[in-house]
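Only one structure is covered here, and it is reproduced in the block below.
Throughout, read-outs are computed from the coordinates displayed, never taken from laboratory work. Just so we're clear, the structure is a prediction, and the values are computed from it rather than from any experiment. As a convention, Cβ positions derive from the backbone with ideal geometry for all residues, glycine included, and neighbour counts pool all protein chains shown.
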Amino acid sequence: MQHLGVLEASRLVRSEKVARVRTCGIEPGPLRMAEGWIAAQRLQWEQRLDQRGDYLVEQAESPEPAADHDQPLRCPFHLQP
């Protein structure tokens with residue numbers, strides 16, 4: 001029942017014990033907050049991965065330039081904020 005205690009402490013679920021029966025219920029408010037955070041994270045990562053995909057397509061389509069050691073290297077792993 002330790003996992004239930006963690007969920008209750010985070011206010012994601014509530015439980016009530018009557019005699020030997022424990023009834024649990026989901027609290028929708030905190031779950032909506034978590035859903036909002038997850039959606040924002042998903043959007044941010046989708047944008048970052050789209051940028052990465054655009055960069056890879058750009059690199060695949062452009063002819064490889066001659067080595068020029070005077071130019072700074074562009075890091076292919078840099079994610080735009």
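Brief remarks follow.
- For the stretch 2-61: rounded, prolate or oblate by the Cα gyration tensor [a/c cutoff 1.5]: prolate
- Between Arg11 and Asp54, residue separation times 0.36 nm minus the direct Cα-Cα distance comes to 11.3 nm.
- Rough spin-label spacing in nm, given labels placed 7 Å along Cα→Cβ, for Gln47 and Arg22: 4.2
- Top positive-direction residue, dipole computed over the stretch 2-61 with Cβ charges, set Val6, Leu56, Trp45: Val6
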